[in-house]
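Before any comments, here is the structure.
The values are calculated or read from the model by the stated rules, or taken from the named source; none is laboratory data. Predicted model, so just to flag it, every value in this text is computed and none were measured. With ideal geometry, Cβ positions are generated from the backbone for all residues, glycine too; neighbour counts draw on all protein chains shown. When the accessible area is computed, the model is the full protein with side chains, heavy atoms only, and any ligands, DNA or RNA have been set aside. Shrake-Rupley method; radii C 1.70, N 1.55, O 1.52, S 1.80 Å.
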Number of protein chains: 2
Amino acid sequence: SRFYVNVEGKLISYMEAIKKPLNVAAANWAASAWLISKKFDNCVFIDIGSTSTTIVPIVDGKVSVKGFTDPEKLVYGELVYLGALRTNICSIVSEVPYKGLFARVSSEKFALSGDVCLILNKISVEDYATETADGRGRSLRECLDRLSRVPCADNEILNDSEIVEIARYIYETMVFKIFKALIQVRTRILSLGYDLNGFKVCTAGLGSFLAKEAALRAGFKDIIDISSIYGRKISQVFPAYAAALMALERLGK
Amino acid sequence: SRFYVNVEGKLISYMEAIKKPLNVAAANWAASAWLISKKFDNCVFIDIGSTSTTIVPIVDGKVSVKGFTDPEKLVYGELVYLGALRTNICSIVSEVPYKGLFARVSSEKFALSGDVCLILNKISVEDYATETADGRGRSLRECLDRLSRVPCADNEILNDSEIVEIARYIYETMVFKIFKALIQVRTRILSLGYDLNGFKVCTAGLGSFLAKEAALRAGFKDIIDISSIYGRKISQVFPAYAAALMALERLGK
């Protein structure tokens, strides 16, 4: 039989799924978090992919989200529409450092978060697997050129070092946005009466370097990446792996 | 004779000083930077005191500021009106994390940056030498109580852990503001044609922990505090010490 994972982290049948489509849309996080909750009783799971960041609190061995749809998650800091590759720079910052001042940014899709992460050596050319803003390549040169266009400049107006400073500024803003969502989730866990000192962070996804940095700043001390638990290969397809295990459990195998 | 340090980092007489009072007002930074420039050819001097942050680029052994008055410095990122003790919280953040959501802040002077720094163990009770927001003491308990009032709460509505999260959020915002000014100054140095890899950072003042954190995030690698050069005692009165050395040089001693 064919199963679907719904937002309550349960496997449902095809017939149930088409009756409540919103319950299975964007429910990848539910499968992943279900599997993590089998491993850690108290944990915040942070999955940063190419496009977005998902934060799932796991409390007393149970997935304990407050938002069940994307807009609800955006309200409660459980979803940040910011990823390591595909995010338009103009949705991250409204100005960038420019020759001792700040320049406003263009609202065109001139460059993406992947350009910033590659320029700062946080990802490799191979990691940069999604389409670029201008359809050109993923070399350092091409990433620098794209980023220079964000304040409507080019690689003659700005030298490479000047473009790197723009990347640094955008990167720090990215970390801050994820930090802010994490602090929000932390205060919710506290309001439930729990002690955050017992909470691990479990990171996943291409952007786990961002998750780790933000988690440290938020005060978490015990941070582990799923690749060090499940290995690199499984980590890259973690939601599918988790859903498969869920199906096996349901089928009693 | 009596000398005054002006904003060009020169000693002038009393008669010259009263002719151009703006040239000697708030010129402490000029004396300090003059002395640092004798030590390091290429350096960014960051002095974070109780009330404000001064950033002085030193290029080729010369103080190389773009702003000579406070408003000019505020424009160019050479002055940030943010210090480690006396800054009103409502000038740092407009909202704070609150039980899984964010609450707007009161615009009263309910708490200061010193409360945040003490709660997070960045400063000691002895370091907190300025007046508090409510005139009461500087104990951890009193700092927590004051900070709880920023979102118009108190220590019954918020427990201590919840108040610590508010402190973390404010602290990260403080680091980001100083980081942003530093990146601005870095892009100005680059626009003059220099390579930032040759630049040290020299920190000073009670808030040097903030300066160090912001400098690392901005990409500086070689960071030194003046107390490790001149010792703790001289560092605490550094502008006066620098002005005295300037006077000795002028008098040819």
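Quick one: would you say B:Leu140 is more than 14 Å from chain A (Cβ to nearest Cβ) and either open to solvent by 40 Å² or more (accessible area, probe 1.4 Å) or closer than 25 Å to A:Gly193 by Cβ (or both)? Break it down stepwise before answering.
Values: more than 14 Å from chain A (Cβ to nearest Cβ): yes; either open to solvent by 40 Å² or more (accessible area, probe 1.4 Å) or closer than 25 Å to A:Gly193 by Cβ (or both): yes.
Criteria met by B:Leu140.
Looking at the stretch A:83-111 only, could you name the residues that are open to solvent by less than 50 Å² (accessible area, probe 1.4 Å), away from chain B (no Cβ under 12 Å) and over 17 Å from A:Glu172 (Cβ atoms)?
Once the filter is applied, which keeps residues that are open to solvent by less than 50 Å² (accessible area, probe 1.4 Å), away from chain B (no Cβ under 12 Å) and over 17 Å from A:Glu172 (Cβ atoms), the stretch A:83-111 yields A:Leu85, A:Asn88, A:Ser106.
Suppose we keep only residues that are open to solvent by 50 Å² or more (accessible area, probe 1.4 Å) and under 25 Å from B:Leu182 (Cβ atoms) within the stretch A:112-137. Which one would you say is farthest from the other protein chains (Cβ to nearest Cβ)? Across the stretch A:112-137, the extreme among qualifying residues is A:Lys122. If the condition is being assigned to a loop (DSSP other than H, G, I, E, B) and either over 15 Å from A:Arg149 (Cβ atoms) or touching a Ser or Thr at 6+ places or on another chain (Cβ under 8 Å) (or both), then the stretch A:108-132 contributes A:Leu120, A:Asn121, A:Lys122, A:Ile123, A:Ser124, A:Val125, A:Glu126, A:Asp127, A:Tyr128, A:Ala129, A:Thr130, A:Glu131. The residue that is nearest to the other protein chains (Cβ to nearest Cβ), among those in the stretch A:52-82 that are among the charged types (D, E, K, R) and open to solvent by less than 10 Å² (accessible area, probe 1.4 Å), is A:Glu78. Taking the stretch B:160-253 as the region of interest, the helices (runs of 4 or more DSSP H) fully inside it that hold 2 or more residues being touching a residue at least 40 places away in the same chain (Cβ under 8 Å) are B:160-191, B:208-217, B:238-250. In the stretch B:181-210, the qualifying residues are those that are more than 11 Å from chain A (Cβ to nearest Cβ) and open to solvent by 40 Å² or more (accessible area, probe 1.4 Å), and the one that is farthest from B:Lys221 (Cα to Cα) is B:Leu206.
Which of the residues that make up the stretch B:159-180 are over 17 Å from B:Cys90 (Cβ atoms) and either facing another protein chain (nearest Cβ under 9 Å) or surrounded by fewer than 23 Cβ atoms within 10 Å (Cβ to Cβ) (or both)? Don't jump to the end; show me each part of the working.
Step one: filter the stretch B:159-180 for residues over 17 Å from B:Cys90 (Cβ atoms), giving B:159-162, B:164-165, B:168, B:175, B:178-180.
Correct list: B:Asn159, B:Asp160, B:Ser161, B:Glu162, B:Val164, B:Glu165, B:Arg168, B:Val175, B:Phe179, B:Lys180.
Look at A:Arg232 and say whether it is away from chain B (no Cβ under 12 Å) and in contact with a strand residue (DSSP E or B) (Cβ under 8 Å, 6 or more places away or on another chain). Against the criterion (away from chain B (no Cβ under 12 Å) and in contact with a strand residue (DSSP E or B) (Cβ under 8 Å, 6 or more places away or on another chain)), A:Arg232 does not qualify. So is B:Gly100 out of contact with any Asp or Glu (no Cβ under 6 Å at 6 or more places or on another chain), over 14 Å from B:Ser50 (Cβ atoms) and outside the structural domain of B:Ser50 (by TED's automatic domain parsing) or not? Taking the combined requirement at face value, the residue satisfies it.
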